[in-house]
1. Trypsin sites (Lys or Arg not before Pro), restricted to the range 246-291: which are DSSP loop and have at most 15 other Cβ atoms within 10 Å?
2. Quick one: which residues, 5+ away or cross-chain, put their amide H under 5 Å from the amide H of L495? H built at 1.01 Å from N.
3. Once you keep just the Cα pairs under 8 angstrom separated by 6 or more residues, what percentage relative contact order results for the range 84-172?
4. Which loop-located trypsin sites (Lys or Arg not before Pro) does the range 61-140 contain, where loop means any DSSP state but H, G, I, E or B and the Cβ has at most 13 other Cβ atoms within 10 Å?
5. Taking only protein heavy atoms into account and a 1.4 Å probe, give the accessible area per residue of the range 432-499 in Å².
6. Ignoring ligands and nucleic acids, what accessible area does R568 show with a 1.4 Å probe (Å², nearest 10)?
7. For M185, tell me the accessible area in Å² from a 1.4 Å probe, rounded to the nearest 10.
8. Report in % the part of the accessible area of the range 158-288 that belongs to carbon and sulfur, leaving out ligands and nucleic acids; probe 1.4 Å.
Amino acid sequence: MASRASLAGAVLLGALLWTGLPGVHGGTAAFATSPVAVAVAAEAVETAPQGSGYREVVETPESFPDPGELGEGDLKATVRTPTLVPHRGYTPIQVTVQNSGGQPRSVRLAIYSPQGRVTERTLELGPRERTVTWLLMPADLQTGQLSMESPGLYPSSKGFYLDSYQGARVMVLGDVKAFETATGMSRAVENTEPLVASRFVDPSTAPRELAAYAGYDAVLVAVPPDQVPADVWAVLETFAVSGGRLVLGQPPANPRLHFPLLQDAQAELSPYGFGSVRQFRACRTQSLGCGINLWEDTERSPAMVVPAGPPPRWERNDLLSDGRLPLLSSARAPVGRFLLLIFLFSLAVGPGGWMLARRKGPLAVLIAVPTLAVLTCLGLVAWSVLVDGFSVHAARYSVTLLDRERSRAVTVGLNAWYANLAEENVRMPASSVLLAPTAPEEPPRFLDWTNGLTVKNSFLPSRSYREWGEIAVIPSRARLTARKADGGVQVQNALGAPLKGGTLKWDGQLWALPELADGEEGLATPKDAEGEDLLELEHETRMRFPGALTPLTQDLDDGTFVAKLGGRGFTPTAAMDVELEAALHVVRGQVEEARR
């Protein structure tokens, strides 16, 4: 009986499978397979995350100096390590300093790297004051020695290592509990790949510099809005508008109080300047939770600007890393002219010396050849002085969003530099970031973060080509004014630089902007259709802006313009005195209607 029952079950199962096959009359649709279904399934597999959960980077507080150690006094410092290193930019190192004495003290905190580079900040502590500060260490460094110095005390130090996880990296304002509640994620199982690695920071002591956030793939605010100080909200807004992916785990009741550029205050995901703002709303009801949305934000987080570094030392040539070309013509040696000079020198020394020896004798050759060599060297020096000069040569490119209502310019810039004499110092405000190539050669040796960033000691080495990226949100009164006139639109260039052209949309029609000097007025003429390329950046320049061009290529709204400018641009290094060889700055903003 048992064998008959098994046989009957097998027959029944076979019949069910046969009727479920595709193409068989009466087959079920659940087993049907189509090219569309295959494509959808393949796309789902391709875009599906390869891990699950999150990895917590646990930071351990370590205090120094130790009791009884030489240097122990009224000062004690605590550094939190290992810290999650961002993909680019700077790693913020949290340091707490306490003055237990009754006298005010000046404290110098410095991180010394094995390569001889120094990152420092100077503090002024009152009697019995405790403060939390941040040292921003270049992201290409993985270890360092933190030193604390104060007049009248022996220096004390503490070594540390950083966490250089290679996957998606998120800075979280809040603790683990708030993070798990907001995202629905749990810790990844040991020996499995997590979706993201998370670093947790107390919102009340979070950094106030833009550079502390700019290198992370995303920043998540996991705590309620009232637990974040107003100045931290201001920095987070700057981070989002300048290209960051900001995620709000518990959105405020009125998000526009902190993010005035939001078009839809209740939208789950909103473009915001060069970046985006995500609010966890509808995703809370999904089975996967909001963690998958956080992972998606990290996946679509390209760098705003990527300056090119030098090639490896074993590939020395005129190209840069990844085969890129320099953007500055003066950075390329005049090979043709030098070869001509060497050829003429060889003719003079070889056949010319032989002819001179036959006519005047060997003594004339002994005098003529050194003299000719000296003249050739003087010619090379004269070429360097008269043609290259002693100034800094630069090519400057940038894309800018003008926020007229708040009188600010949000800029992503790239600068190519060549200096015959070393340029030592440059200053950057706290609302800006100076970005080096991924693998810099001869990077600056001294970074001072006391008031913004001050780069000291060889910002530009002598006779070397360098590229620096910049992200900045700075005050600006630049604007383009327009009014209706006979035959077109009368515009005035108040953008602070020569206008090289562009497109304006006014009363539903497109207008071509004329070339105008700064402060000059001109007539914009009708334009049949919007041009295919509003940017007109060359291929080599576009490669340096992988994530910053999309907001400027969107269709123009009424009253919006895209203008191409010359000059030095809107970034902080525009104040440097340079010999400008090339420049193109693309600006998008809202036109200001002029009153008659």
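1. R281
2. Placed amide hydrogens put R479, G519 under 5 Å from L495.
3. Over the range 84-172, the number comes to 35 percent.
4. The qualifying sites are R128.
5. Working: 2550 Å² over 68 residues.
Result: 38 Å² of accessible area for each residue.
6. Here the accessible area works out near 80 Å².
7. 20 Å²
8. About 51 percent, which is the carbon plus sulfur part of the accessible surface.
The values are calculated or read from the model by the stated rules, or taken from the named source; none is laboratory data. Nothing here was measured: the structure is a model prediction, and the numbers come from that model. With ideal geometry, Cβ positions are generated from the backbone for all residues, glycine too; neighbour counts draw on all protein chains shown. Side chains are part of the model used for accessible areas, which takes the heavy atoms of the whole protein and leaves out ligands, DNA and RNA. Shrake-Rupley method; radii C 1.70, N 1.55, O 1.52, S 1.80 Å.
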